[in-house]
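Colleague: One structure, as structure tokens, below. Some questions next.
Values quoted throughout were computed directly from the atomic coordinates according to the rules given, and no laboratory measurement underlies them. Computed from a prediction, not measured in an experiment: that's the story for all the values here. In this analysis, Cβ positions are derived from the backbone assuming ideal geometry, glycine residues included, and neighbour counts consider all displayed protein chains.
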Amino acid sequence: MTAAFAFLDAHRLVHLSTVDLVIIVFYFVLVLAIGFYLKGRANTGEDFFMAGREMTAWVAGLAFLSANLGSLELMGWAGNAYKYGILAAHWYWIGAIPAMLLLALVMMPFYHICKTHSVPGYLKLRFGESSRTLASVSFAFMTVLMSGINMYAMAVVMRVVLGWDIHVSIWISSVTVAIYVALGGLRSAIFNEVLQFVLIWAGALLIPILGLVEAGGWSGLKARILQNLTEQHVANPAAYTHLWSTLGDFSKNPMGINWIGIVFGLGVFISMGYWTTDFLVVQRVLAAKDLRSAKLAPIIGAAFKMMVPFIVILPGLLGLALLRDPHTGSLLRLVPGDLAWSEAGRAQGLHGFDEVLPLMLARYCGPGLLGLGITALIAGFMSGMAGNVSAFATVWTYDIYGALINKQASDGLKVKMGRWCTLLGVAISIGTAYLVMQSQSIMDYVQALFSFFIAPLFATVLLGMLWKRATPAGGFWGLLAGTGSSVGMWAWVKVNPDVVKYLALSPHAQEQAQNMFRALWCGLICAGVTVMVSLVTKPKPDAELTGLVYGLTAIPHEEHVSIFHRPVFWAVVVGVVFVALNIIFW
Amino acid sequence: MKPGGAISIWFFIGISLLVNGLLIFGAGIYELFHPPLVPVVLFHLHASVWWGGILALLGAGYCYYFAPGKGRV
């Protein structure tokens, strides 16, 4: 092996052909070309940070979803489907669709009408500077951590699948993202996210199609999973193919959770917190050209979100049914990442849960298709990272630098700051990726972060939008109490694992279940403190709440457009399909 | 106004699908005449050929419909 290829590892899952490499290189050239092409259209703050607020509903909607569809999402949830079965689909259906529809129909009008640049910016208008500072600092912290996690996940796949050195993968991809976002700002990030969305589907869609052909359709897949898990003496094997029927009891499903945790912890606080207040995704919708587009964008995102389990959850289930050791022919059992990626694990040829998607990719895809599949994973990583970095740059520039450090900053200086923050965000993310390498499980770690910051923020923003009596003091202390209690509960369990039976209502609760219940409790604490403090403090006068609160905001009506152009019609369609999917896979 | 300038994002997507589709289709045709020693599972379905063809056709359609100068967003 020559020095030029010293970063290649002999323990690789697949070998790329020339055509695969051409496809990957072409992708990098195209995203950089888009960045350079859009450089001339990012001269003002509105252009750089809000993409000129001129995106159509389709572009904003697909970018809204794509920013969430990082490599972490693709590989982590395929791995979770292998680990927990079809229960992982809850994160795509009840854990996303109701929240997206809430954002579209209830919350988007307030974000759009007040013309805020960010979610912390809305808190400033509604509750004052202290709430904004708390939210912006915690968001900036969380978003660079997320970015580092995404980076790490991508680098692991590159090492497992291609044998690429983990450090080389991190640096090449992150520098590319830094260039195209720093050049073209949010517009460049959004354009590339739409491109990446299409490539993800083009590259990943063949796996479930061919997998179902091999397994003999959905019924054949279920039968194989049942047979394989029964052979391995796994408890409650039927729970791996049913969404709701095993959620009556903590001990009857592999996640150790019940329906209360899924519906209220995931479906209400974590999901609604993420999809309605995480600026990473909300920023894409704020870039929509008008209110109707801003409302339609999350609904378009929801329609596609419902289909994502086809390319993420189904490959994980197919792995449970079909993967066999190529040498012995016996069932292949994937193991936790820490074990698989240790020296001993690699020497034994073990594979981690998060490797199930690349394993299925290598199973079906020959030259060309393999390159496109790898491109899909790289695209997923880059879209997630670009989302984090562009959101970080906006919040830092407007809500930390412009609000606390230099209140007189000109528009030109803010654009300059945004470009530098993009580079800074990438640099911090790279540092974070090296820290995350010590984490036991990628997705569990992210869920813990979500529940620290996101669940309380949702309670604060929703009360702010719907209850005009909520006061600045109530908003701040509620947010602080919610975040503090979440961190406290997490630390308590780390110090004394026995308290899980109190916090998650069951000693059987696994990591994901603990996160759901922690989000539920800290969201309720935030709401409770906000209400109590608001009732004993002085509210803002109505005149200061115009455009921010329900009942004091004139929301444009849509009677003049046909029913097929109304967001509410498509929200109902998406809602009906959502209910049907849950019944079909009950 | 177009979201981004003179060239629609959908044109870029068309270029990407067309180029990738042609490369995959070409690789699939090559494998038809030179089968690999260790084929992938379900090799006999020749997924590269039909999937590459679908992507190329879709990409060509997007390139034509959203070509610069046609004024489509």
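Colleague: Under 14 Å between alpha carbons, and skipping anything fewer than 8 positions from A:Lys407 in its own chain: which aspartates and glutamates qualify?
Modeller: By straight Cα distance, A:Lys407 reaches A:Glu129, A:Asp399.
Colleague: Right, next: Express in nm, to one decimal, how much length is gained between A:Phe28 and A:Ser245 on full extension, taking 0.36 nm for each residue of separation and deducting their alpha carbon distance.
Modeller: Working: separation 217, 0.36 × 217 = 78.12 nm, distance 4.51 nm.
Gain on stretching A:Phe28 to A:Ser245: 73.6 nm.
Colleague: Then there's this: Helix A:369-394 versus the longest principal axis of chain A: what angle, 0 to 90°, nearest 10, using Cα atoms?
Modeller: It is inclined by approximately 20 degrees.
Colleague: Between B:Ile29 and A:Asp165, what is the label-point separation in nm under the 7 Å Cα-to-beta-carbon projection?
Modeller: Going by the 7 Å Cα→Cβ label model, 4.0 nm.
Colleague: Near A:Lys305, which aspartates and glutamates are there with a Cα under 19 Å away, not counting those fewer than 8 places off in the same chain?
Modeller: A:Glu73, A:Glu193, A:Asp278
Colleague: Expressed in whole Å with the largest first, what are the equivalent ellipsoid semi-axes of the protein assembly as shown derived from the C-alpha gyration tensor as the square root of 5 times each eigenvalue? Walk me through the intermediate numbers first.
Modeller: Values: eigenvalues 287, 187, 108 Å².
The equivalent ellipsoid of the protein assembly as shown has semi-axes of 38, 31, 23 Å.
Colleague: Follow-up question, since we're still on this one. Trypsin sites (Lys or Arg not before Pro), restricted to region A:323-374: which are DSSP loop and have at most 14 other Cβ atoms within 10 Å? Intermediate results must be reported in sequence, preceding the final value.
Modeller: Working: sites: A:Arg324, A:Arg333, A:Arg346, A:Arg363; in loops: A:Arg333.
In loop regions of region A:323-374 (DSSP not H, G, I, E or B), the sparsely surrounded trypsin sites (Lys or Arg not before Pro) are A:Arg333.
Colleague: Further question on the same structure: Find which of A:Tyr82, A:Phe28, A:Ala60 sits farthest along the positive direction of the dipole of the protein assembly as shown, computed with +1 on the beta-carbon of Lys and Arg, -1 on that of Asp and Glu, about the Cα centre.
Modeller: So the residue furthest toward the plus end is A:Ala60.
Colleague: Compare the Cα positions of A:Gly418, A:Gly163, A:Ala153 along the charge dipole of the protein assembly as shown (+1 at Cβ of Lys, Arg; -1 at Cβ of Asp, Glu; about the Cα centre) and return the one farthest towards the positive end.
Modeller: It is A:Gly418, whose Cα lies furthest towards the positive end.
Colleague: Ranking request for peptides A:268-280, A:376-388: highest mean number of other beta-carbon atoms within 10 Å first, then the rest in descending order.
Modeller: Values: A:268-280: 26.5, A:376-388: 29.6.
Peptide ranking by packing, descending: A:376-388, A:268-280.
Colleague: So for each of A:247-258, A:188-199 I average, over its residues, the number of other beta carbons within 10 Å; can you give me the resulting order with the highest mean first? Don't jump to the answer; show the numbers that get you there.
Modeller: Details: A:247-258: 19.8, A:188-199: 27.9.
Averaged packing, sorted descending, gives the order A:188-199, A:247-258.
Colleague: Please compute, for peptide B:10-16, the average count of beta-carbon atoms on other protein chains lying within 10 Å of each residue's beta-carbon. Intermediate results must be reported in sequence, preceding the final value.
Modeller: Numbers: counts 5, 0, 10, 9, 1, 4, 12.
If you average over the peptide's residues, the count of other-chain Cβ atoms is 6.
Colleague: A follow-up question, please. Evaluate peptide A:361-373: per residue, the Cβ atoms of other protein chains within 10 Å of its Cβ; return the mean as an integer. Before the final figure, lay out the partial values.
Modeller: Working: counts 1, 2, 3, 6, 6, 11, 10, 16, 9, 4, 4, 8, 0.
Average per residue, whole number: 6.
Colleague: Next question, about the same structure. Work out the charge dipole of region A:27-584 with +1 on the Cβ of Lys and Arg and -1 on the Cβ of Asp and Glu about the Cα centre, then indicate which of A:Leu212, A:Thr276, A:Pro237 is farthest towards its positive end.
Modeller: Farthest towards the positive end: A:Thr276.
Colleague: Could you name the aspartates and glutamates whose alpha carbon sits less than 14 Å from that of B:Lys70, not counting residues in the same chain fewer than 8 places away?
Modeller: Of all the aspartates and glutamates, none pass the test against B:Lys70 - Cα under 14 Å, at least 8 places apart if same chain.
Colleague: Using a Förster distance of 56 Å, how high is the FRET efficiency between A:Trp259 and A:Glu343, based on the Cβ-Cβ distance and rounded to 0.05?
Modeller: On the way: r = 42 Å, r/R0 = 0.74.
Result of the calculation: an efficiency of 0.85.
Colleague: With only Lys, Arg, Asp and Glu charged, each at its Cβ (+1 for the first two, -1 for the last two), find how big the charge dipole of chain A is about the Cα centre; round to the nearest 20 debye. Write down the numbers at each step before the final one.
Modeller: Values: 35 positive and 28 negative charges, 186 e Å.
I would put it at about 900 debye.
Colleague: In addition: My understanding is that a pair violates if its Cα-Cα distance is over 20 Å; which of A:Lys222/A:Lys252; A:Lys468/A:Lys540; A:Lys468/A:Lys538; A:Lys39/A:Lys295 do that in this structure? Display every interim value, and only then the final one.
Modeller: Working: A:Lys222/A:Lys252 18 Å; A:Lys468/A:Lys540 8 Å; A:Lys468/A:Lys538 11 Å; A:Lys39/A:Lys295 28 Å.
Distance filter (> 20 Å) returns A:Lys39/A:Lys295.
Colleague: When you look at the Cβ of every residue in B:21-31, what mean number of other chain Cβ atoms sits within 10 Å? Don't skip to the answer; put the middle values down first.
Modeller: On the way: counts 3, 1, 10, 12, 1, 3, 12, 4, 0, 4, 3.
Mean partner-chain Cβ count within 10 Å for B:21-31: 5.
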